[in-house]
1. Evaluate the following for SER143: is it of a type in the set (Gly, Ala, Ser), open to solvent by less than 70 Å² (accessible area, probe 1.4 Å), in contact (Cβ under 8 Å) with a residue 40 or more places away in the chain and within 22 Å of SER197 (Cα to Cα)?
2. Quick one: which residue in VAL222, VAL200 is part of a loop (DSSP other than H, G, I, E, B) and either under 16 Å from SER110 (Cβ atoms) or in contact with a helix residue (DSSP H, G or I) (Cβ under 7 Å, 6 or more places away or on another chain) (or both)?
3. May I ask you to list the residues in segment 120-144 that are part of a strand (DSSP E or B), more than 20 Å from ALA169 (Cα to Cα) and more than 44 Å from the chain's Cα centre (by Cα)?
4. Output the residue which, of all residues in segment 202-216 that are under 13 Å from TYR154 (Cβ atoms) and surrounded by 22 or more Cβ atoms within 10 Å (Cβ to Cβ), is farthest from the chain's Cα centre (by Cα).
5. Can you work out which of the residues in segment 146-172 that are in a strand (DSSP E or B) and open to solvent by 40 Å² or more (accessible area, probe 1.4 Å) is modelled with the lowest pLDDT?
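The values are calculated or read from the model by the stated rules, or taken from the named source; none is laboratory data. Computed from a prediction, not measured in an experiment: that's the story for all the values here. Reconstructed Cβ throughout: ideal geometry from the backbone, glycine too, with neighbour counts over all protein chains shown. Ligands, DNA and RNA are excluded from the accessible area calculation, which covers all protein heavy atoms including side chains. Shrake-Rupley method; radii C 1.70, N 1.55, O 1.52, S 1.80 Å.
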Amino acid sequence: MQKILVRTSLLLVCVMVYSHVSYAAMLATRGEEADNGTFQTESSGVSSSNQGMCEQGERGLPGRDGLPGRDGRDGLIGPKGDAGPTGSIGPRGLTGEKGEPAASTKVAFSVTRTTYFGNFKETRKIPFTSAFANIGNHFNLASGTFTAPVSGFYYIVINIHKRKNAPNAPFVLLKHNGKLVLSVDECCGDDSYDTASNSVVLKMDQGDDLWLELVEGRMFSVTGNKESTFSGFLLYEM
C-alpha cells in the first residue's frame, strides 16, 4: 500500500514540474517578465532530485481500429467522350435453312353440261361433261364433286336454264358434305326461256365435298350452248 502511495506522489510531482515548465515557456513566448534564474534553479533542483522517479513507462497495447467512415458521395458525371473508330466488318455468317414457301394456293372451277339430264324417279347428283376451268384439278367431272384442297372461304355460284314451255323445269340443290346449303328452282309456267341463279360464300375445311343434286321428276335442261353452269373459287385460306 505504501509503495502505491509513493508512486502516486511521484507522478503528481512530475505533473507539477511539467506544468511549471510549460507555463514558463508560454510566458517567455508572450514577452512577459519572469525570474528565469530562480525558476530554472528550482525546476533544475526538482528535476535533479526526482530524476529517475518520472521515467517513461512501457508502451501500452495498440487501441482498437475505429469504425469505417461513410462512403463518399458520387462524383458528377463527366462529359461524353468522343466516338471510337469504326470497327472492321466481321466475317459473314452461315447461310440459314430454306424456309417454307408462302401459302399461295390457287383454286377455281367452272363446269357445265352439253346434254340433257333428268326425269328420274329419285334425286340424283348431277355429273358434268366439260370444264371451262379446273385450276388444281379439284373438281371431278364424272361424279360432279368438288373437293376442297385447303380450308378457307369459297365463293360458289350456280346458273340453270329452263327451256320454253318445259313442263318439268330444273330444281337444283347445293349440298356440302351431304347437307343442304341452298337451292335454285326455275319452276313452272308457259313463258319463254328462263335462267335462274344463286350464290353463296361458304366456309369449307380441307377435304370437304361439294356437289349439285337434281330433284326427282325435274330436268336439267342444257344444249350445246352450255346455258347451265356450276362455278366456284377460293377467296382466302384460313
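1. Against the criterion (of a type in the set (Gly, Ala, Ser), open to solvent by less than 70 Å² (accessible area, probe 1.4 Å), in contact (Cβ under 8 Å) with a residue 40 or more places away in the chain and within 22 Å of SER197 (Cα to Cα)), SER143 qualifies.
2. Exactly one residue qualifies, and that residue is VAL222.
3. Restricting attention to segment 120-144, the residues satisfying the condition of being part of a strand (DSSP E or B) are 124-125, 130-135, 139-140.
Add one more test, that the residue is more than 20 Å from ALA169 (Cα to Cα), and what stays is 130-135, 139-140.
Correct list: SER130, ALA131, PHE132, ASN140.
4. So, considering only residues that are under 13 Å from TYR154 (Cβ atoms) and surrounded by 22 or more Cβ atoms within 10 Å (Cβ to Cβ), the one farthest from the chain's Cα centre (by Cα) is LEU210.
5. Our first condition is that a residue be in a strand (DSSP E or B); within segment 146-172, this holds for 146-147, 152-162, 171-172.
From what is left, the residues that are open to solvent by 40 Å² or more (accessible area, probe 1.4 Å) are 147, 153, 155, 159, 171.
Details: THR147: 98, PHE153: 96, TYR155: 98, ASN159: 92, PHE171: 89.
Selected residue: PHE171.
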